[in-house]
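The structure appears right after this line, and notes come after that.
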């Protein structure tokens, strides 16, 4: 596929600029393809040439956190490279264990990209302050306040720009930040000062500013954790999490920073493992709920890439199978399944659901368009 895609790019370059030193005659204006048409043709051709296995692989983002002996993977192993190839992964997430020096990390991200048929989203959780992978590394970076310690949007914008600049230099192209949760519950065990504010409007201002700074560097920002983790009494890493508010309250408080982020053009929204029994009726966490994702897509008008929170959290693994949870996420309208507890089981289950028609070709193509469309826009293709 790499050879085919390179050929397409060369052909497009030749069409636009001419090859060699020959004088190119002026092309009639009506025959010149618009950028939108070129993008559409490129992605449609790519999807048409992909195998079903390659299509399914784009829907998964996995970690390469450690070697089998438990030490951090700072040099890409043959097994990890094989995983990227064999599952045709759409992305990889890095952790502190993967980071040492700048040069080492650039080599790691470069090797990851070389292992992939289609360029990867390479993500990281770098919120600054309390949640920082960089602070455990030897990579030069600016020390940040935690979001809840900031008072002005200019601080959030500068943080986004600084973090984005460092990540871009490392070869990381997606940051799972900023937190868009409104911290209305002071006893919340997992959000706290990771949130900008307990006021939805102020949180929205800060989130919007961070996105401006981050995406101005070319790194995609991700707002999390939709539909809002700020008023929960539990941690989804450890079990079920509920938000007991009705839809009217969610729209007036929890959704406000997410709506601002979407207006700002945020590339990703991370959907959390949060149940909203007074706003949805299916009894499922938002990551598996078509009703919850519909609120994101239709009420908030988000047509970017929706990604799950890590699927190896106990809010998922204790109640849903690794395969079935991945299938339910895709059926719900999620585009990327992040860190399934068992990649092979999840991958095979989604593939079987697509083969059997449970996941329709149209549904699969919707996610491929969002994923590949963003990769195209970011210059990854």
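The values are calculated or read from the model by the stated rules, or taken from the named source; none is laboratory data. Treat the numbers as computed from the prediction; the structure is a model and nothing was measured. Cβ sites come from the backbone with ideal geometry, for glycine too, and all protein chains shown count toward neighbours.
Descriptive notes on the structure:
- Selection within the stretch 135-163 - in contact with a strand residue (DSSP E or B) (Cβ under 6 Å, 6 or more places away or on another chain) and part of a loop (DSSP other than H, G, I, E, B): 144
- The stretch 164-196, residues that are surrounded by fewer than 23 Cβ atoms within 10 Å (Cβ to Cβ) and either in a helix (DSSP H, G or I) or modelled with pLDDT of 95 or more (or both): 165, 166, 168, 169, 171, 192, 193
One line per residue, one yes/no per condition, for (1) crowded, with 21+ Cβ neighbours inside 10 Å; (2) at pLDDT 95 or above; (3) in contact with a strand residue (DSSP E or B) (Cβ under 8 Å, 6 or more places away or on another chain):
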{"residue": "50", "(1), (2), (3)": "no, yes, no"}
{"residue": "63", "(1), (2), (3)": "no, yes, yes"}
{"residue": "74", "(1), (2), (3)": "no, yes, no"}
{"residue": "86", "(1), (2), (3)": "no, yes, no"}
{"residue": "89", "(1), (2), (3)": "yes, yes, yes"}
{"residue": "92", "(1), (2), (3)": "yes, yes, yes"}
{"residue": "98", "(1), (2), (3)": "yes, yes, yes"}
{"residue": "103", "(1), (2), (3)": "no, yes, no"}
{"residue": "120", "(1), (2), (3)": "yes, yes, yes"}
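- If you go through the stretch 221-236 and keep only what is over 24 Å from residue 290 (Cβ atoms), touching a helix residue (DSSP H, G or I) at 6+ places or on another chain (Cβ under 7 Å) and surrounded by fewer than 24 Cβ atoms within 10 Å (Cβ to Cβ), you end up with nothing.
- Among the candidates 229, 245, residue that is in contact with a strand residue (DSSP E or B) (Cβ under 7 Å, 6 or more places away or on another chain), at negative phi and outside any strand (DSSP E or B): 229
- Residue in the stretch 197-211 that is closer than 24 Å to residue 367 by Cβ and outside any loop (DSSP other than H, G, I, E, B) present: yes
- Hits in the stretch 95-110 (condition: touching a residue at least 12 places away in the same chain (Cβ under 8 Å) and out of contact with any helix residue (DSSP H, G or I) (no Cβ under 8 Å at 6 or more places or on another chain)): 95, 97, 100, 101, 104, 107, 110
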